[in-house]
Amino acid sequence: MRVYVPLTLPGLAEAHKAGELGPAPLRAYAVTPGLREWYVSDDIEELEYAALGRAAAASLRMLAGEESAPRKRVVVALDVDDKAVTSTPGVDEATLGQVGLAAAVRLTVAAAVHVDADDAQEDVAAAAAALEAADGGDGDAQFTVDGAEDHELLWFGVQEIPGLLR
């Protein structure tokens, strides 16, 4: 099963140094029954893209709590055994597509790393700053948060992580 683990650049640096994503339990996002129902598609690539988007949104929330972190969303894509994944109970907006991994995962088995381009940083910074107001129902703040989603995350191989951390 493909899962998407949200991080920040400092979190990616820690994982790179340790050689693994952990400690367990790890929060990740995947194509779950709830995500399938919400997205209403049978196309696995579209569903995986939706799961990646959910992880990117979680990365944005992490950035809102790490003011010193560079304003780039980071998601690590992993292929894990289905038995290693536990579904998160409930199907509300906050947990849609969320799963848990019971054990740390070696970074060498990652399929890819997805990171914002440099030109997204201003919109991502504004979105992170607007999250609290958007959560409170502020429409203008939600528009700002949605602006970060307009930026596609770039794809990088695991061997490119050192360059991403410079």
For this session: Any chance you could count how many residues in the stretch 130-162 are in contact with a strand residue (DSSP E or B) (Cβ under 8 Å, 6 or more places away or on another chain) and free of Cβ contacts under 8 Å to residues at least 24 places away in the same chain?
Result: 0
For this session: Go through the stretch 130-163 and count every residue that is buried (at least 17 other Cβ atoms within 10 Å of the Cβ) and in a helix (DSSP H, G or I).
Result: 9
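Output yes when any residue across the stretch 76-86 is crowded, with 16+ Cβ neighbours inside 10 Å, more than 20 Å from VAL115 (Cα to Cα) and not β-branched (Val, Ile, Thr), and no when none is.
Start the filter on the stretch 76-86 by keeping residues that are crowded, with 16+ Cβ neighbours inside 10 Å, which leaves 76-78, 80, 84-85.
Next cut, more than 20 Å from VAL115 (Cα to Cα) only: 80, 84-85.
Checking which are not β-branched (Val, Ile, Thr) leaves us with 84.
There is at least one residue in the stretch 76-86 that is crowded, with 16+ Cβ neighbours inside 10 Å, more than 20 Å from VAL115 (Cα to Cα) and not β-branched (Val, Ile, Thr).
Residues checked against (1) at pLDDT below 95; (2) surrounded by fewer than 17 Cβ atoms within 10 Å (Cβ to Cβ); (3) under 15 Å from the mean Cα position of the chain (by Cα); (4) farther than 25 Å from ALA13 by Cα:
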site	(1), (2), (3), (4)
TYR39	yes, no, no, yes
ALA55	no, no, yes, no
LYS72	no, no, yes, no
PRO89	yes, yes, no, yes
ALA104	yes, yes, no, no
HIS114	no, no, yes, no
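Which one is surrounded by the fewest Cβ atoms within 10 Å (Cβ to Cβ), of the residues in the stretch 1-15 that are more than 22 Å from GLU67 (Cβ to Cβ) and either among the basic types (Lys, Arg) or at pLDDT 95 or above (or both)?
We begin by selecting, within the stretch 1-15, every residue more than 22 Å from GLU67 (Cβ to Cβ); these are 1-4.
Cutting the leftovers down to either among the basic types (Lys, Arg) or at pLDDT 95 or above (or both) gives us 2-4.
Numbers: ARG2: 18, VAL3: 26, TYR4: 26.
Checked the stretch 1-15; the qualifying residue surrounded by the fewest Cβ atoms within 10 Å (Cβ to Cβ) is ARG2.
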For this session: Scan the stretch 34-49 residue by residue and report those that are assigned to a helix (DSSP H, G or I) and either among the β-branched types (Val, Ile, Thr) or without any contact (Cβ under 8 Å) to a residue 12 or more places away in the chain (or both).
Result: ARG36, TYR39, ILE44, GLU45, GLU46, TYR49
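The values are calculated or read from the model by the stated rules, or taken from the named source; none is laboratory data. Computed from a prediction, not measured in an experiment: that's the story for all the values here. Every residue, glycine as well, gets a Cβ built from its backbone with ideal geometry; the counts of neighbours run over all protein chains shown.
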